[in-house]
Amino acid sequence: MNTKIPFELIVQRHGPTVWRVCRALLRSPQDAEDAWAETFAAGFKAWPNLPGSTNAEAWLVTVARRKAIDVARGNTRRAIPAEELPEAGERLSASSPEDPEDAAVRRDDVDRLWDAVHRLPEGQRLAVTHHHLGGFTYREVAEIIGGNETSVRRAAADGMKNLRKNSREITEGEYHE
């Protein structure tokens, strides 16, 4: 008898990885939350019928990637009216009180990081997202996004190099202003 672990444990174990993938693929934290929720809603439905040998993390990342694409496509098809625009990083919250200036600096750093990730060419962004944020091996990333292990390794290295370069340019620009 092959029994699977409860889906709640799958959410606990792989929720952070799925979040990082959704956040890296979508600019808006709200869109990332939508994709994350849709990933686990779809996962909950499909979980009972999946073979026990399924790599749950890789499967969820693949679902998350598809859900992120669906969310991004959906956004291009409809306008969402709003009386006021939320502040950048507003959805970030701290569990304990902190200095508002420190929180603002951290939000700015987080926003700059995600902007830099989103500016990467698609192949580099996907390789960095799945390997460095998702924790997958280069071979697993190649299976998820297509290609071979060597090309994924190169794309991830180039992506990290570009992120470091952008980080230095931003930092140097701040000190020279």
Residues of the stretch 11-21 satisfying the condition of being within 8 Å of the chain's Cα centre (by Cα) and over 15 Å from Asp111 (Cα atoms): Thr17, Val18, Trp19, Val21
Within the stretch 1-41, tally of residues that are assigned to a helix (DSSP H, G or I) and among the basic types (Lys, Arg): 3
The stretch 142-163, residues that are closer than 19 Å to Arg65 by Cα and touching a Pro at 6+ places or on another chain (Cβ under 9 Å): Ala155, Gly159
Cross-chain or 6+ apart pairs with Cβ under 9 Å, the stretch 36-54 first and farther than 17 Å from Arg65 by Cα, then surrounded by fewer than 12 Cβ atoms within 10 Å (Cβ to Cβ) and at pLDDT 95 or above: none
Enumeration of residues in the stretch 1-28 that are within 20 Å of Thr76 (Cα to Cα), buried (at least 20 other Cβ atoms within 10 Å of the Cβ) and either touching a Phe, Trp or Tyr at 6+ places or on another chain (Cβ under 9 Å) or free of Cβ contacts under 8 Å to residues at least 40 places away in the same chain (or both): Cys22, Arg23, Ala24
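The values are calculated or read from the model by the stated rules, or taken from the named source; none is laboratory data. Here the structure is a predicted model, which means the values were calculated and not measured. Virtual Cβ from ideal backbone geometry, glycine too; neighbours counted across all protein chains shown.
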